Amino acid sequence: MVHTQHQPSTFDIVHSLRVKGLANDAVLSALSGVPVGDLPELLTPLVEQGLVVRREGRMAGSMLTPAGKEEHRRLLAENDETRSAADALDEFYAVFLPVNSEFKQVCQRWQMRSDDQPNDHTDAAYDAQVIEQLATSDAALRPPLQQLAESLPRFGRYLPRLSAALERVRGGDNAAFARPLYDSYHDIWMELHEDLILSSGRVRGAADEG
């Protein structure tokens, strides 16, 4: 069953911040589905209630306070859309784990050519091979993620972001592969993984570490 799109809500903001930790406005918008220009309307009350804190400067963005994390637990437990997707989340999780394990190995190959030789990205042929391995992991993830998004639409927001990051990598932006705080492919994959763990009520374990 395909759910109709709903208006972004407090839950979308709080859940996105719980997934990401510290999120700048662009990433928060992409995660929550709330246009950047509409974020203040939803964020300001949360700041006033002591659930969210705004940071300025080089690490600017929004993050949940301890009270905000407690509020997220309550909102997630009461979220009908998430609860009704429990079976779909379990099915996706079973498919995700082996793909995630391979993705971690691909990231390792991108960073290290061997146990003691970092990848300095001077070998274009080697990098091209690893990028195609990344594309293979992406292709394996996409159909089951699309299926999950039919039950839980917020997971559909990861699809265009992963595609855009992969295209940036293919276009020569090496940082778009795994640089932290860069909306890199690795960043977005980690958000997806955390969302999956939270939404399915799991605790991160050895299987999640691949």
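The values are calculated or read from the model by the stated rules, or taken from the named source; none is laboratory data. Given the structure is predicted, the values throughout are model-derived calculations rather than measurements. Please note: Cβ atoms are built from the backbone with ideal geometry, for glycine as well, and neighbour counts cover all protein chains shown. Quick note on the areas: whole protein, heavy atoms, side chains included, nothing else; ligands and nucleic acids left out. Shrake-Rupley method; radii C 1.70, N 1.55, O 1.52, S 1.80 Å.
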Criterion: open to solvent by 20 Å² or more (accessible area, probe 1.4 Å) and in a strand (DSSP E or B) - qualifying residue of Arg161, Arg157, Arg113, Arg109: Arg113
Qualifying position, being surrounded by fewer than 14 Cβ atoms within 10 Å (Cβ to Cβ) and assigned to a helix (DSSP H, G or I), among Gln129, Gln133: Gln129
Sole exception among (1) surrounded by fewer than 17 Cβ atoms within 10 Å (Cβ to Cβ); (2) assigned to a helix (DSSP H, G or I); (3) among the β-branched types (Val, Ile, Thr) for Val169, by number: (1)
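Is it the case that Ser101 is exposed (fewer than 14 other Cβ atoms within 10 Å of the Cβ), hydroxyl-bearing (Ser, Thr, Tyr) and either on the phi < 0 side of the Ramachandran plot or at pLDDT 95 or above (or both)?
On the way: exposed (fewer than 14 other Cβ atoms within 10 Å of the Cβ): no; hydroxyl-bearing (Ser, Thr, Tyr): yes; either on the phi < 0 side of the Ramachandran plot or at pLDDT 95 or above (or both): yes.
Here the answer is no, as Ser101 does not meet what is asked.
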Where a residue in region 33-48 is within 16 Å of Arg154 (Cβ to Cβ) and its partner, wherever it lies, is part of a loop (DSSP other than H, G, I, E, B) and open to solvent by less than 70 Å² (accessible area, probe 1.4 Å), with Cβ under 7 Å and at least six apart: Gly33/Pro8; Val34/Pro8; Leu42/Val34
Some residue of region 116-126 being in contact with a Ser or Thr (Cβ under 9 Å, 6 or more places away or on another chain), in a helix (DSSP H, G or I) and either farther than 27 Å from Leu76 by Cβ or of a type outside the set (Phe, Trp, Tyr) (or both): no
Where a residue in region 149-173 is within 21 Å of Gln133 (Cβ to Cβ) and its partner, wherever it lies, is modelled with pLDDT of 95 or more and not in a helix (DSSP H, G or I), with Cβ under 7 Å and at least six apart: Ala165/Ser184
Residues of region 178-210 satisfying the condition of being over 23 Å from Gly61 (Cα atoms) and open to solvent by 50 Å² or more (accessible area, probe 1.4 Å): Gly201, Arg202, Val203, Arg204, Ala206, Ala207, Glu209, Gly210
Selection from region 58-95 of residues that are exposed (fewer than 11 other Cβ atoms within 10 Å of the Cβ) and of a type in the set (A, V, I, L, M, F, W, C): Met59, Ala77, Ala94
Test result for Arg154, over 22 Å from Asp173 (Cα atoms) and of a type in the set (Lys, Arg): yes
Residue list for region 182-199, restricted to those being of a type outside the set (Asp, Glu) and more than 8 Å from the chain's Cα centre (by Cα): Tyr182, Ser184, Tyr185, His186, Leu196, Ile197, Leu198, Ser199
Matching residues in region 13-57 - criterion: being hydroxyl-bearing (Ser, Thr, Tyr) and open to solvent by 30 Å² or more (accessible area, probe 1.4 Å): Thr44
Residues located in region 70-95, provided they are within 18 Å of the chain's Cα centre (by Cα) and either assigned to a strand (DSSP E or B) or not hydrophobic (A, V, I, L, M, F, W, C) (or both): His72, Thr82, Asp90, Tyr93
Residues located in region 136-154, provided they are open to solvent by less than 20 Å² (accessible area, probe 1.4 Å) and either in a loop (DSSP other than H, G, I, E, B) or of a type in the set (Ser, Thr, Tyr) (or both): Ser137, Leu152
